[in-house]
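The values are calculated or read from the model by the stated rules, or taken from the named source; none is laboratory data. Since the structure is predicted, the reported quantities are computational estimates derived from the model, not experimental observations. For neighbour counting, all protein chains shown are included, and Cβ atoms are generated from backbone atoms with ideal geometry for every residue, glycine included. Calculation scope for accessible area: heavy atoms of the full protein, side chains included, ligands and nucleic acids excluded. Shrake-Rupley method; radii C 1.70, N 1.55, O 1.52, S 1.80 Å.
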Amino acid sequence: MSAQPTLSSGDRTTKTEIRFHNTMSGQTEPFVPLVAGEVRAYTCGPTVYDFAHIGNFRTFVFQDVLRRYLKSKGFRVIQVMNLTDVDDRIIQKSAAAGVSIREYTDKYIQAYLDDRRALNLEPPEHIARATEHIDDMVKLIQRLTEKGFTYTSEGSTYYRIANFPGYGKLSKIDVAGMQTGARVDTDRYDKDNARDFALWKAPKPGEHFWETPIGPGRPGWHIECAAMALKYLGDKLDIHSGGVDLTFPHHENEIAEAEAATGKTFARYWLHAEFLLVDHEKMSKSMGNFATLRELFSHGHKPSSIRFLLASVPYRRQLNFTPESLQGAASSVERLRNFATRLRAEKFLEGSSPAIAERAAKARDEFDRGLADDLNTAQALAAIFDLVRDVNTAMDRGEFRQGDAAPVLKVLELFDAIFAVLRDDDAEKLKELGISASGPTLSGPEVEAIVAERQAARKRRDFAASDRIRDDLAARGIILEDSRDGAVRWKRK
Ligand SMILES: [Zn+2]
């Protein structure tokens, strides 16, 4: 049995078996979608009470790499992402601002979608606002009530987890010592606290509410995702993904809701992205190390460097986000763009060499094997950078022919279908966001690193790249002086 779709002829990658780590089984398993050639995926989107932070975007970039990879393998991807536009914080903050929930969340939804575009995140097929699906949630709660999974208390409806035998199967939480009937009204609670949770919350005085057949109130967070996933993707989905902190209670509760209602397995593969650390601290708003994309952009960091850094560390590894790692990502993107420019612009001797075509094919296989292995982006990138190094060497030695450019460019194309950083459009994107592209002053070590990059370009006689780096630095107020002995001095304008 094979779920691999047929790709165009000449694609060498179709034979690779795709494997993903499934949180449900705790194993890395072959990926076989329910319907051959099609992947139905659900993505937990943001709660739009503020700008999303860089830790959130780690998960969104992972989900984008996942969908782009599946598409590159020929699958038709149907991805649904929710926008949680009603919760305690949104109700409090919109009331404090004296505006409606709609008005308050519109601003952050727009910002989130703009940020996604800046990072080249492809739009999911369906983006679903919670407040536009209240009816679907109410109907799902009614189904659960008919099947005996709910009870009401003071106008709120709760899910009785003791009635769902599989409760805890995703997060492996121990429900043995659980207090029957203990319940929570908050949507986020910790793992030691398996509780009956609110599906529908009665309004507190003065709070916004919806008038519905199950009484006035508003939905809990978990029922939003369950209802919208079932609506757009049917009873069974292939992949459900999110940040690792969503495993419990959010995803555990989604499973309890969906499976109790349908009697079927909700999602077959659960993929969770690890935390992003900022200088070794867990990224969260409560800890104060909160960085929005806009803050990073206005400090001179490019969208492409941020995307590259977030995509470069395999999603199940913690990612430590530092100014140095961002600088490293910027250099990597620069190296790849220069390489692509060199392939397209430089004139080589006529003919072609089988050795280069073979080298390109090997890089392509390694790139594909890396991604097929639970999206090991680090391994995939290593294949690309090894190719860049070898081809640059061949070019410098005069062993590269005009006909060799096409197979190497083809590999870069494949790379960019997933990583999406080769287009030199950072300044354009920042302009669209109304952020000045020049950024603040570069530090001494930052200038040194860029100068070293230019020296390397000169050494391999890539004068187009060398000139571009000099011009970029000039635009940021750094003047280079090349001395006769090959050394470079720099000064600030
Ligand atoms: Zn969700």
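Rundown of residues vs (1) more than 15 Å from the ligand (Cβ to nearest atom); (2) modelled with pLDDT of 95 or more, yes/no style:
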residue: Glu207; (1), (2): yes, no
residue: Glu211; (1), (2): yes, yes
residue: Ile214; (1), (2): yes, yes
residue: Met228; (1), (2): no, yes
residue: Tyr232; (1), (2): no, yes
residue: Asp238; (1), (2): yes, yes
residue: Glu257; (1), (2): no, yes
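Test Thr84 against the criterion of being in contact with a Ser or Thr (Cβ under 7 Å, 6 or more places away or on another chain) and at pLDDT 95 or above, and give yes or no.
Spelling it out, Thr84 is indeed in contact with a Ser or Thr (Cβ under 7 Å, 6 or more places away or on another chain) and at pLDDT 95 or above.
Collect the residues in region 95-119 that are open to solvent by 60 Å² or more (accessible area, probe 1.4 Å), in a helix (DSSP H, G or I) and not aliphatic (A, V, I, L, M), keeping them in residue-number order.
Arg102, Glu103, Asp106, Lys107, Gln110, Arg117
In the set Leu233, Leu276, which member is out of contact with any Ser or Thr (no Cβ under 9 Å at 6 or more places or on another chain), at negative phi, open to solvent by less than 20 Å² (accessible area, probe 1.4 Å) and not β-branched (Val, Ile, Thr)?
Answer to the check: Leu233.
Is it the case that some residue within region 247-257 is without any contact (Cβ under 8 Å) to a residue 40 or more places away in the chain and of a type outside the set (S, T, N, Q)?
Yes.
If we keep just the residues of region 120-171 that are free of Cβ contacts under 8 Å to residues at least 24 places away in the same chain and in a loop (DSSP other than H, G, I, E, B), which is least open to solvent (accessible area, probe 1.4 Å)?
Gly148
What do you reckon, is Ile54 surrounded by 19 or more Cβ atoms within 10 Å (Cβ to Cβ), modelled with pLDDT under 95, within 19 Å of Ala420 (Cα to Cα) and more than 16 Å from the ligand (Cβ to nearest atom)?
Spelling it out, Ile54 is indeed surrounded by 19 or more Cβ atoms within 10 Å (Cβ to Cβ), modelled with pLDDT under 95, within 19 Å of Ala420 (Cα to Cα) and more than 16 Å from the ligand (Cβ to nearest atom).
Regarding region 35-43, can at least one residue be identified that is over 23 Å from the mean Cα position of the chain (by Cα) and either away from the ligand (no atom under 16 Å from the Cβ) or open to solvent by 30 Å² or more (accessible area, probe 1.4 Å) (or both)?
yes
Which of the following residues is of a type outside the set (Gly, Ala, Ser), buried (at least 17 other Cβ atoms within 10 Å of the Cβ) and in contact with a His (Cβ under 7 Å, 6 or more places away or on another chain): Asp462, Asp416, Asp374?
Only one candidate passes the filter, namely Asp374.
For region 61-78, give me each residue that is away from the ligand (no atom under 13 Å from the Cβ), open to solvent by less than 20 Å² (accessible area, probe 1.4 Å) and either on the phi > 0 side of the Ramachandran plot or within 18 Å of the chain's Cα centre (by Cα) (or both). Break it down stepwise before answering.
Within region 61-78, the first condition is being away from the ligand (no atom under 13 Å from the Cβ), and the residues that meet it are 61-62, 64-78.
Subset that is open to solvent by less than 20 Å² (accessible area, probe 1.4 Å): 61-62, 64-67, 69-70, 73, 75, 77.
Listed by number, the residues that qualify are Val61, Phe62, Asp64, Val65, Leu66, Arg67, Tyr69, Leu70, Val77.
Suppose we filter Ile479, Ile418 for residues that are of a type in the set (A, V, I, L, M, F, W, C) and under 26 Å from Arg389 (Cα atoms); which single one remains? Working first, answer last.
Values: Ile479 fails: under 26 Å from Arg389 (Cα atoms).
Step by step, each of Ile479, Ile418 is checked, and only Ile418 is of a type in the set (A, V, I, L, M, F, W, C) and under 26 Å from Arg389 (Cα atoms).
Please work out if Arg316 is touching a residue at least 60 places away in the same chain (Cβ under 8 Å) and farther than 22 Å from Leu433 by Cα.
yes
Somewhere in region 210-223, is a residue more than 25 Å from the chain's Cα centre (by Cα), surrounded by fewer than 16 Cβ atoms within 10 Å (Cβ to Cβ) and free of Cβ contacts under 8 Å to residues at least 60 places away in the same chain?
Checked region 210-223: at least one residue is more than 25 Å from the chain's Cα centre (by Cα), surrounded by fewer than 16 Cβ atoms within 10 Å (Cβ to Cβ) and free of Cβ contacts under 8 Å to residues at least 60 places away in the same chain.
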